[in-house]
Amino acid sequence: MTQATRNEAGTGAVEHRVPNSAPEQEPDAGAPTHHRVAIIGAGFAGLGAAISLTQAGHRDLVVLERASTLGGTWRDNQYPGSQCDVPSHLYSFSFAPKPDWSRSFAEAKEIQQYLQDTADRFDVRRHIRFGTEVLDASWDAAMQRWEITTSGGTLSADILIGAYGPLSEPAIPALPGIDTFSGVAMHSAQWNHDVDLTGKRVAVIGTGASAIQIVPSIQPVVGHLDLYQRTAPWVVPRPDREIKPWLRRAYRRVPGLQKLARAAIYWNRELLVFGFSKHPRLMRLPRKVALEHLARQVSDPELRASLTPTFDIGCKRILLSNDYYPALTQSNSSVVTDPITEVCEHAIVTADGVEHPTDVIVYGTGFHVTDHPVAQRIHGADGHSLAVAWSKGMEAYRGSTVAGFPNFFTLIGPNTGLGHSSLVFMIESQLTYVLDCLRTLDERGARTFDVHREIQDAYNDELATQLDQTVWNAGCASWYLDERGRNTTLWPTFTFTYRSMLRHFDADAYDLH
Ligand code: NAP
């Protein structure tokens, strides 16, 4: 995984380096070169896959992880203030509850520790090859297996599971003149903790979930903070609180109590689907809550006007924060709404001609989601890459398998993302499907599966119809939509319908050989 820092030439161009120089484990030259299953990525999805497979008796697997530690997005997103906005009791594996979460919304460090502990608890760390980046994975039709080239050598596998994460490739805008910037530039997912922001003039670009956590965390120490806002987000209060020690003890002693808490959070979140997907007029309530929140926290009418969103609430992710608006009202903060036209050696220039002196640029500019670079590295039966197969938009069957890519699963694949609940729930649903598929192959003496294209097409047509009625397709620009405006990222309805659909592997939808 990469991290941004000031480069050797002293310019602000974002440079990439491996964050921890010493891998947990060196790639093992004597390791077997063929495996039943190869998993790309050791984040939530990859670890979940490794654990589920080993628990089901599949021991011959390898996890290929390009970084030197596990944790995926929670390893990378260690920026100041990084915290999950799904409550911890739900944002964790159902098979690995953690009774002693310290807060209702855990911080990134605690989630990262949870993943480390869970990997140890289920003894899957030994399957992980750290410092091993997948450079190419190609289906070999003759051998009926995946041939995988990595930075640490080649290997093959019967089954390939892509668990590389939709939010793992930072997107940095190509601002004119950025290479001339002489200060430090870093992306939210590549925070450089060696950089001391005390007294510095810091530009934060973006107003998504990452930026709104960074802003209040750094505002008290920086000299001046310029927030570059292209779109004002909808922000509601964050009901975060410490989970008291007595309650943690209770969760430990009575596991059923934690299950109840998890269920309550789950069903509460599912209720949101009525507003997002079924009856948009229900979104009037969160809209009112957000506008009151803004009015309570920002008294200056001019600032309040510039922070008032102009698109349908819910169309982009609704953000949770109690300290974002207050940070922007401080005397060392400015909200810059004029578009950036240029970056020069010591400043950012906006369309009104103003030069904003800048020492550090923080990109809260999101990720390559619908154009994930890994898609160029995975080649299916006809030799074309996933990127080519997806040139008109990402598509999969049940978010998990792709026609023409035999024996391949994509975890958190197309249209499995959520605007309202825990992705871990979706991952676990997919893992049930993966295990049932492997069981079916074994039972039928088959070696390969490939979903029928017409079944995949029909599935996606149905999804598109459902998505058309949702708030996410209501006309705003967001990372949920690809460059053609097609929503290829979100699941359109209740998560329990997804789970129910993936309870069994539907062999009839596939060519099995
Ligand atoms: P994001 O939601 O994609 O936001 C990117 C921001 O950068 C947007 O405000 C966008 O403006 C702005 N931007 C992009 N290019 C720009 C440019 N050239 N000039 C000015 N502004 C520009 O990215 P994110 O905040 O990293 O969040 C991504 C996702 O990660 C979230 O939706 C969430 O799913 C997850 N996340 C979760 C948490 C959490 O659980 N608390 C925290 C962080 C991230 P526009 O809005 O105008 O496009």
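The values are calculated or read from the model by the stated rules, or taken from the named source; none is laboratory data. Please read these numbers as outputs of a predicted model, since none were measured by experiment. Note: ideal-geometry Cβ built from the backbone for every residue, glycine included; neighbour counts use all protein chains shown.
Observations on the structure shown:
- Single residue of segment 363-374 satisfying the filter (among the hydrophobic types (A, V, I, L, M, F, W, C) and in contact with a Phe, Trp or Tyr (Cβ under 6 Å, 6 or more places away or on another chain)) that is farthest from the ligand (Cβ to nearest atom): 374
- Residue match in segment 132-147 (condition: more than 21 Å from residue 43 (Cα to Cα), surrounded by 23 or more Cβ atoms within 10 Å (Cβ to Cβ) and within 16 Å of the ligand (Cβ to nearest atom)): no
- Residue identified as in a strand (DSSP E or B) and of a type in the set (D, E, K, R) among 442, 511: 511
- Scanning segment 276-311 for residues that are touching a helix residue (DSSP H, G or I) at 6+ places or on another chain (Cβ under 9 Å), of a type in the set (S, T, N, Q) and part of a helix (DSSP H, G or I), we see that the one that is farthest from residue 490 (Cα to Cα) is 297.
- Within segment 416-434, not a single residue is surrounded by fewer than 17 Cβ atoms within 10 Å (Cβ to Cβ), modelled with pLDDT of 95 or more and charged (D, E, K, R).
- Flag if residue 448 is touching a Pro at 6+ places or on another chain (Cβ under 8 Å) and under 27 Å from residue 157 (Cα atoms): yes
- For segment 452-467, a residue qualifies if it is among the hydroxyl-bearing types (Ser, Thr, Tyr) and surrounded by 16 or more Cβ atoms within 10 Å (Cβ to Cβ), and exactly one does: 459.
- Set 238, 201, 249: member being more than 21 Å from residue 287 (Cα to Cα), of a type in the set (D, E, K, R) and either exposed (fewer than 15 other Cβ atoms within 10 Å of the Cβ) or within 14 Å of the ligand (Cβ to nearest atom) (or both): 249
- Residue 291 being surrounded by 13 or more Cβ atoms within 10 Å (Cβ to Cβ) and within 25 Å of residue 479 (Cβ to Cβ): yes
- Only residues that are in contact (Cβ under 8 Å) with a residue 40 or more places away in the chain, within 23 Å of residue 217 (Cα to Cα) and either surrounded by fewer than 16 Cβ atoms within 10 Å (Cβ to Cβ) or aliphatic (A, V, I, L, M) (or both) were counted in segment 301-325, giving 7.
- From 42, 49, 29, 38, residue being modelled with pLDDT of 95 or more and either over 30 Å from residue 446 (Cβ atoms) or in a helix (DSSP H, G or I) (or both): 49
- Exactly one residue among 153, 206, 183 is under 30 Å from residue 87 (Cα atoms) and either away from the ligand (no atom under 15 Å from the Cβ) or within 25 Å of the chain's Cα centre (by Cα) (or both), and that residue is 206.
- Near pairs, Cβ below 9 angstrom, 6+ apart or cross-chain, from segment 207-222 (without any contact (Cβ under 8 Å) to a residue 60 or more places away in the chain and under 16 Å from residue 107 (Cα atoms)) to any residue that is among the small types (Gly, Ala, Ser) and more than 9 Å from the ligand (Cβ to nearest atom): none
A quick yes/no check of all residues on (1) in contact with a strand residue (DSSP E or B) (Cβ under 7 Å, 6 or more places away or on another chain); (2) within 18 Å of residue 422 (Cβ to Cβ); (3) in contact (Cβ under 8 Å) with a residue 60 or more places away in the chain; (4) buried (at least 19 other Cβ atoms within 10 Å of the Cβ):
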residue	(1), (2), (3), (4)
90	no, yes, yes, yes
112	no, yes, no, yes
159	yes, no, yes, yes
162	yes, no, yes, yes
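- Residue among 195, 204 that alone is assigned to a loop (DSSP other than H, G, I, E, B), of a type outside the set (Phe, Trp, Tyr) and in contact (Cβ under 8 Å) with a residue 60 or more places away in the chain: 195
- Selection of segment 215-230 for residues being surrounded by 18 or more Cβ atoms within 10 Å (Cβ to Cβ), within 11 Å of the ligand (Cβ to nearest atom) and in a loop (DSSP other than H, G, I, E, B) yields only 229.
- Restricting attention to segment 462-478, the residues being touching a strand residue (DSSP E or B) at 6+ places or on another chain (Cβ under 7 Å) and within 15 Å of the ligand (Cβ to nearest atom) number 1.
- Within segment 364-376, residues that are more than 9 Å from residue 172 (Cα to Cα) reach partners that are of a type in the set (Val, Ile, Thr) and crowded, with 21+ Cβ neighbours inside 10 Å with beta carbons closer than 9 Å, at six or more positions or on different chains, in the pairs 369/488; 369/489; 370/488; 370/489; 374/40; 374/134.
- Residue in segment 175-190 that is surrounded by fewer than 24 Cβ atoms within 10 Å (Cβ to Cβ), of a type in the set (A, V, I, L, M, F, W, C) and either in a loop (DSSP other than H, G, I, E, B) or at positive phi (or both) present: yes
- Residues of segment 480-500 include at least one that is closer than 21 Å to residue 161 by Cβ, part of a helix (DSSP H, G or I) and either away from the ligand (no atom under 16 Å from the Cβ) or aromatic (Phe, Trp, Tyr) (or both).
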